[in-house]
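The structure appears right after this line, and notes come after that.
The values are calculated or read from the model by the stated rules, or taken from the named source; none is laboratory data. Model, not experiment: these values are computed from the prediction. Every residue, glycine among them, receives a Cβ derived from its backbone with ideal geometry; neighbour counts consider all protein chains shown. What goes into the accessible areas is simple: the full protein's heavy atoms, side chains included, and nothing from ligands, DNA or RNA. Shrake-Rupley method; radii C 1.70, N 1.55, O 1.52, S 1.80 Å.
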Amino acid sequence: MAIKEPFTDLEIRRAQGGFYEGHSVEIAILSKAIMVALVIWALVWPANANGALGSLNSRLLEDFNAFYIVIVGLFFFFLLAIAVIPQSGRRIMGRPGETPEFSNFSWFAMMFGAGLGVGLMVFATAEPLGLWGSNPALLSGEIEPNSEEALVSGYRYTFLHYGFHAWAIYVVTGLSLAYYAYTRGMPLTIRSALTPLFGRLMNGILGHIVDVLGVVATILGISVTIGFGVSQFIDGLYAITNMGWLVDNIGGETPPPSTVGLLTGLVVIMGLSIISAVSGVGRGIKYLSNLNLVLSVILLLTFVVFGSFIFAMTTYGIAFVDYILHYLSLSFNAFWPLPNSEFDANLPAQAAPFADALRGGAMNAWGSFEGFKSGLEGGAAALPEDVLMTAYAAGEPARQFGWQAGWTTFYWAWWIAFSPFVGLFLARISKGRSVREFIIGCVFAPALVCFAWMTILGGTAIDLELTGGADGAIIGASNTAKLFVTLGQMLSGVFLQAITVMCVVLILTFLVTSADSGILVMNTIMSGGDQRTGIKHRIVWGVILTLVIGTLLVAGKTSGSEDAFEALRNAMIIGALPFTMVMGLMCLALAKALLRDSMRDKHRSQAAPAE
């Protein structure tokens, strides 16, 4: 019996004239209204915005932390199954005989630059160092932070956050979009990915909502990335020029960027991004991506030659094996909040009268046993050592939850918020490639490169601290300054200045690539998948993106928070949650589409007359 042909008659009503010509007015207006409301809120009431976003974020993490962890684990195994199954893995995303538009070098360069360039520059040193001092294996108190014994567990979670799970998030969205666009001729927009489940419903308000969720998540995901990148850009400029207005607290060893410095850097970067976006993906983004990859190789070779290469490669091998051995537990081991009553019930009788005094330190994911003890006063401080150790152990589930929510869940939300942008961009540059090639090329290859970056750059920083050469200078620096402090410990003189300048240029080009790619993607969604979007709309969305980042940075700086990125992070995690649910539906839709297409192919081959 013949199988019904798939629904492909997706209609996205677009304006025939006026300012929004070629765009969906509903998607554009609703997306802009949400973003403008957020900008006004953060600009007029920064403290209120920062506090409200933080409270909502905390509540969502309590309820949805396990959901984030488990669904991301499922994303990877879903893609692995698709790649392994012959009928799905060998399918070409395009018409029969179609070949890839870009060379493998340009394809990987654009994928790398848009997907993670800025993140690697900021976190290649910051992530391993941070996890070397704080990870779930250390929360039990059995291993000392920042010790040789903590190295493997630190890299286990570094690889988790930048490995196969992370890139699988991008590929779920990218593969869904590319498959429908190039095999079924459907618009390259988010709603196309849900047509196997909802059919004609995607032509109406439900389709608009899905696309708007994609736009909002994209803006917030890019905002966090650019926020971190601008901060590192200013750190680099200060290291080169020593201009005091770029930073606060000039007397410190690694002073944080000032509000004026951050906003100035943001305007410069976004101005260049808008210019690049106007030139299109075939010119500006392609050339910048190729430049990014070349400069990245030069930076990597600098660390290979002058850094701790043998230490790094040894760490890479040991940590990769450890990562694979723990892969299942890393994928699905989720934690829940610990109620105060449960903590109190697990205290020894001698400590029970002091439950209120013990609770805060024992349940603090960012503290240590020594810090827990030193923070006690009165009768609680006089408790015997073994009683205090038991009380600290009673708080371990809360520490594990707090750590997972603050690290892993934050990363999964960040990658998910980034996935409409990167996924659609990967789909845009992957026409003519097979499903298996797309999964291997976009999940495994970039993850292995990320591991090399994290071990070569981060391993050098850790080795400098372990051997005493850095004497705590790198650990004490801010996340965005750690790369430059590491370079300062490793190099000197004119060569240090030259590499620092190159890093600043690389950060700049990575930021421009990420922002202009995001601008193009947002316009593609709002134009119903049309990749030839008007110049004025690219400029408008570039300005909106600048305002969102700028106002949320100001909200973080002026609300009394020590962390300028707090408002940005909270908004991003909140915005990512609805799109996470959309991605779960994407997996179900793609599984249905691949199965039904295989059945159609089998039916056609059986019905074809024998020669």
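Computed quantities for the displayed model
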read-out	value
Residue within the range 387-402 that is assigned to a loop (DSSP other than H, G, I, E, B), open to solvent by less than 60 Å² (accessible area, probe 1.4 Å) and at pLDDT 90 or above present	yes
Thr509 open to solvent by less than 30 Å² (accessible area, probe 1.4 Å), within 22 Å of Met270 (Cα to Cα) and not aliphatic (A, V, I, L, M)	yes
Residue that is touching a residue at least 12 places away in the same chain (Cβ under 8 Å) and either within 20 Å of the chain's Cα centre (by Cα) or under 25 Å from Ile269 (Cα atoms) (or both), where the choices are Ser192, Ser223	Ser223
Residue in the range 145-153 that is in contact with a Phe, Trp or Tyr (Cβ under 6 Å, 6 or more places away or on another chain), surrounded by 24 or more Cβ atoms within 10 Å (Cβ to Cβ) and closer than 30 Å to Glu396 by Cα present	no
Selection count, the range 352-370, where residues are of a type in the set (A, V, I, L, M, F, W, C) and modelled with pLDDT under 90	3
Positions within the range 65-103 being open to solvent by less than 60 Å² (accessible area, probe 1.4 Å) and aromatic (Phe, Trp, Tyr), in sequence order	Tyr68, Phe75, Phe76, Phe78, Phe102
Some residue of the range 389-397 being hydroxyl-bearing (Ser, Thr, Tyr) and under 21 Å from Ser331 (Cα atoms)	no
Looking only at the range 173-185, and only at residues there that are in contact with a Gly (Cβ under 7 Å, 6 or more places away or on another chain) and open to solvent by less than 10 Å² (accessible area, probe 1.4 Å), the one that is farthest from Gly94 (Cα to Cα)	Thr173
Some residue of the range 207-218 being assigned to a helix (DSSP H, G or I), without any contact (Cβ under 8 Å) to a residue 24 or more places away in the chain, in contact with a helix residue (DSSP H, G or I) (Cβ under 9 Å, 6 or more places away or on another chain) and open to solvent by 10 Å² or more (accessible area, probe 1.4 Å)	yes
Residue in the range 192-206 that is at pLDDT 90 or above and under 16 Å from Ala417 (Cα atoms) present	no
Condition check for Asn50: within 28 Å of the chain's Cα centre (by Cα) and either modelled with pLDDT under 85 or not in a helix (DSSP H, G or I) (or both)	yes
Selection from the range 474-506 of residues that are of a type in the set (Ser, Thr, Tyr), buried (at least 24 other Cβ atoms within 10 Å of the Cβ) and part of a helix (DSSP H, G or I)	Thr486
Verdict on Gly371 being free of Cβ contacts under 8 Å to residues at least 40 places away in the same chain and surrounded by fewer than 20 Cβ atoms within 10 Å (Cβ to Cβ)	yes
Matching residues in the range 403-436 - criterion: being under 30 Å from Asn340 (Cα atoms), buried (at least 22 other Cβ atoms within 10 Å of the Cβ) and either touching a Lys or Arg at 6+ places or on another chain (Cβ under 7 Å) or at pLDDT below 85 (or both)	none
Index of the failed condition, Asp344 passing every other in (1) part of a helix (DSSP H, G or I); (2) open to solvent by less than 40 Å² (accessible area, probe 1.4 Å)	(2)
Failed condition for Asp63, given (1) touching a residue at least 12 places away in the same chain (Cβ under 8 Å); (2) closer than 30 Å to Gly556 by Cβ	(1)
One residue from Asp530, Asp471, Asp463 being in a loop (DSSP other than H, G, I, E, B) and over 30 Å from Val172 (Cβ atoms)	Asp471
Residue in the range 419-440 that is over 20 Å from Gly575 (Cα atoms), of a type in the set (Val, Ile, Thr) and part of a loop (DSSP other than H, G, I, E, B) present	yes
